[in-house]
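The values are calculated or read from the model by the stated rules, or taken from the named source; none is laboratory data. As the structure is a prediction and not an experimental result, all values here were calculated from the model. FYI the Cβ positions are ideal-geometry reconstructions off the backbone, even for glycines, and counts take in every protein chain you see.
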Ligand SMILES: Nc1ncnc2c1ncn2[C@@H]1O[C@H](COP(=O)(O)OP(=O)(O)OP(=O)(O)O)[C@@H](O)[C@H]1O
Ligand SMILES: [Mg+2]
């Protein structure tokens, strides 16, 4: 389902060039999941952004469901990303001027899907324990609550590929467990491929496969 072949990523040019990814390869079958761990600055967010088609590799290939998304035109790529990928960012990226429930519904606005979207948004917010915060603005939430709202938002379109950058990074043990439960529930119910970057050994330990990213290369931990 997800295949990464010899992905390299370089920032900057010439003497300033920084090669963050030096040929990363791995694959995850349909319905699979993996955790990515590694030291700060090792390129975990960089790799996750490339998997989510938010950034392009300098060289190498990414294949999602047998297709290379980077071959698509920009509008098609945007549509592909919106339909196929759910992303939980390291720093939530909620829109401050909208309420929690509006933020959760935001990725679904591109589709004219009828009926139960609002109900799904409610269910997701309940699952992450925010049923009493739906009308709040992000600024009125705690850091952990914002992260949970971002998880609900990533799930609204039932993505086939769910990418999470430190999804439980700012949460206490109980809430981290609840968010992880919600992620795995969706992963199992909908056969979503789940990839999470994490510094938490507890979260990483829940995944059947763990990769360690170090000095630009990825290996089975
Ligand atoms: N847009 C950019 N331009 C230049 N360098 C960048 C850019 N984005 C990231 N980097 C550099 O690439 C390296 C990897 O960054 P990245 O954010 O992927 O690390 P990370 O493994 O996610 O770290 P953390 O665990 O702290 O979140 C860092 O040295 C960072 O400074
Ligand atoms: Mg990061």
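Report, by residue number, each residue of region 80-100 that is in a loop (DSSP other than H, G, I, E, B), closer than 15 Å to residue 162 by Cα and in contact with a strand residue (DSSP E or B) (Cβ under 9 Å, 6 or more places away or on another chain).
89, 90 - these are the residues of region 80-100 that are in a loop (DSSP other than H, G, I, E, B), closer than 15 Å to residue 162 by Cα and in contact with a strand residue (DSSP E or B) (Cβ under 9 Å, 6 or more places away or on another chain).
Identify, please: which residue in region 1-18 is closer than 14 Å to residue 215 by Cβ and at pLDDT 95 or above and is, among those, nearest to ligand 1 (Cβ to nearest atom)?
Filtering region 1-18 for residues that are closer than 14 Å to residue 215 by Cβ and at pLDDT 95 or above, the one nearest to ligand 1 (Cβ to nearest atom) comes out as 9.
Just to be sure before I move on: is residue 148 closer than 26 Å to residue 38 by Cα, away from ligand 2 (no atom under 16 Å from the Cβ) and under 16 Å from the mean Cα position of the chain (by Cα) in the structure I sent?
When the stated conditions are applied, residue 148 passes them.
Name the pairs: first residue in region 26-54 and over 17 Å from residue 86 (Cα atoms), second residue within 13 Å of ligand 2 (Cβ to nearest atom) and assigned to a helix (DSSP H, G or I), Cβ to Cβ under 8 Å, at least 6 apart or on different chains?
Pairs that qualify, where the first residue is over 17 Å from residue 86 (Cα atoms) and the partner is within 13 Å of ligand 2 (Cβ to nearest atom) and assigned to a helix (DSSP H, G or I), are 37/44; 38/44.
Could you tell me whether residue 136 is more than 13 Å from the chain's Cα centre (by Cα), under 20 Å from residue 90 (Cα atoms) and in a loop (DSSP other than H, G, I, E, B)?
In short, no.
Of all residues being surrounded by 14 or more Cβ atoms within 10 Å (Cβ to Cβ), over 21 Å from residue 170 (Cβ atoms) and more than 13 Å from the chain's Cα centre (by Cα) in region 80-98, which is nearest to ligand 2 (Cβ to nearest atom)? Just the residue, please.
Filtering first and then ranking leaves 80.
When residues of region 22-45 are filtered for being closer than 19 Å to residue 69 by Cα and outside any helix (DSSP H, G or I), how many remain?
Count: 8.
Which residue is nearest to residue 126 (Cα to Cα), if the candidates are limited to region 155-184 and must be within 16 Å of ligand 2 (Cβ to nearest atom) and within 11 Å of the chain's Cα centre (by Cα)?
So the residue we want is 167.
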